[in-house]
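Here's the structure, in structure tokens; my notes come after.
The values are calculated or read from the model by the stated rules, or taken from the named source; none is laboratory data. In this text the structure is predicted, and so the values were computed from the model without any measurement. Every residue, glycine as well, gets a Cβ built from its backbone with ideal geometry; the counts of neighbours run over all protein chains shown.
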Amino acid sequence: MPISTSDLGAELRARARKLGFDAFGIAAPNARPDLKSRLDTALARGWQDGMAWMAEEPERRSTPAELWSEVRSVIMLGMNYGPDHDPLAILNHRERGAISVYAKGQDYHEVIKPRLKAIARWLIAQAQGHEQVDVKVFVDTAAVMEKPLAAAAGIGWQGKHTNLVSRDYGSWLFLGAIFTTLELPADEAQADSCGTCQACVDVCPTAAFPAPYRLDARRCISYLTIEHKGQIPRELRPLIGNRIYGCDDCLAVCPWNKFAQEGREAKLAARDVARAPALADLLGLDDTAFRAMFA
């Protein structure tokens, strides 16, 4: 007799924990029918700027079944990368470069994807006796809206800074997804618990939030210092300060971080070279030295 889907879901959760994931939830692929209209609004206002890929096939991006018609369940997993330091402290040391917490460790794609594949293989093996099970895994590498799907799966909620907020891990979760043809019992979505707080909106140096829950990438320091291919608009340059790769301001001020924990995955811990590099030293690097330091 095949294992029940409810028992399989519980075993999946335990398996994910053993492989280093801290958060786990399951959502139905149609759990967020509102995503298409929300994405259309953002695209119409040009908030994606040079990220042209966001406008490519918005139906596939906002509807899991459009991306893969056979999907019956979306398994969302989160890996905590909570820092061992105050990400905002370096802003007082203007001779040092501020690098976003997520980029200080090893490449999270390379850490998470092999483990997602291991869970997916385990699921296929354990689901024998059900209909033939197929899977697809994603780590920020396809047209998948991980944050709202994670919210639908009960991992957290999207805060007013548009990022996921967890009661247990605050703002510090890397997300991965497993799409499967097996229909598993879905978890309950978590209610928005931001209340009247808008610390994340108020702290943004460049006023990148036209309204709570709305992000204009054209003013976002993370976008401007990572994704943007052109020159940074002159009026925004003084506001960036010593942030040279990303920005953590809106994440770091979230009151829910009082429950955050330091990440337990050593590969995601900050490397010494990325903690607070001297700007003068970075300016002296040629291309070869830069690639060697930040490989």
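So, in the stretch 218-263, of the ones that are touching a helix residue (DSSP H, G or I) at 6+ places or on another chain (Cβ under 9 Å) and among the aromatic types (Phe, Trp, Tyr), which residue ends up farthest from residue 108 (Cα to Cα)? The extreme case among them is 223. Of the helices (runs of 4 or more DSSP H) contained entirely in the stretch 29-147, not one carries at least 2 residues that are of a type in the set (Asp, Glu) and either farther than 24 Å from residue 247 by Cα or within 19 Å of the chain's Cα centre (by Cα) (or both). Anything in the stretch 40-75 that is in contact with a helix residue (DSSP H, G or I) (Cβ under 7 Å, 6 or more places away or on another chain), without any contact (Cβ under 8 Å) to a residue 40 or more places away in the chain and over 16 Å from residue 218 (Cβ atoms)? List them, or say none. Within the stretch 40-75, 40, 58, 59, 63, 66 qualify.
Listed conditions (1) surrounded by 14 or more Cβ atoms within 10 Å (Cβ to Cβ); (2) within 26 Å of the chain's Cα centre (by Cα); (3) part of a helix (DSSP H, G or I); (4) not hydroxyl-bearing (Ser, Thr, Tyr) are all met by residue 282, apart from (2).
Residue 256 fulfils the conditions (1) touching a strand residue (DSSP E or B) at 6+ places or on another chain (Cβ under 8 Å); (2) surrounded by 19 or more Cβ atoms within 10 Å (Cβ to Cβ); (3) closer than 23 Å to residue 92 by Cβ; (4) in contact (Cβ under 8 Å) with a residue 40 or more places away in the chain except for a single criterion, (3). Given the criteria closer than 18 Å to residue 155 by Cα and either at pLDDT 95 or above or not in a loop (DSSP other than H, G, I, E, B) (or both), does residue 17 qualify? Taking the combined requirement at face value, the residue satisfies it.
Evaluate the stretch 226-236: report whether one residue or more is in contact (Cβ under 8 Å) with a residue 60 or more places away in the chain, over 20 Å from residue 102 (Cα atoms) and crowded, with 19+ Cβ neighbours inside 10 Å. No, there is no match, as no residue in the stretch 226-236 is in contact (Cβ under 8 Å) with a residue 60 or more places away in the chain, over 20 Å from residue 102 (Cα atoms) and crowded, with 19+ Cβ neighbours inside 10 Å. Restricting 215, 182 to residues that are of a type outside the set (Gly, Ala, Ser), crowded, with 19+ Cβ neighbours inside 10 Å and more than 22 Å from the chain's Cα centre (by Cα) narrows the list to 182. For the stretch 259-269, taking the residues that are within 17 Å of the chain's Cα centre (by Cα) and aliphatic (A, V, I, L, M), the one that is surrounded by the most Cβ atoms within 10 Å (Cβ to Cβ) is identified as 268.
Given the criterion surrounded by fewer than 22 Cβ atoms within 10 Å (Cβ to Cβ), of a type in the set (Gly, Ala, Ser) and either modelled with pLDDT of 95 or more or more than 22 Å from residue 248 (Cα to Cα) (or both), identify the matching residue among 151, 125.
125
Residues that are loosely packed, with under 15 Cβ neighbours inside 10 Å and within 22 Å of residue 72 (Cα to Cα) within the stretch 16-36 comprise 30, 33, 34, listed in sequence order.
For residue 196, indicate whether it is among the β-branched types (Val, Ile, Thr) and buried (at least 22 other Cβ atoms within 10 Å of the Cβ). Give the derivation first.
Values: among the β-branched types (Val, Ile, Thr): yes; buried (at least 22 other Cβ atoms within 10 Å of the Cβ): no.
When the stated conditions are applied, residue 196 does not pass them.
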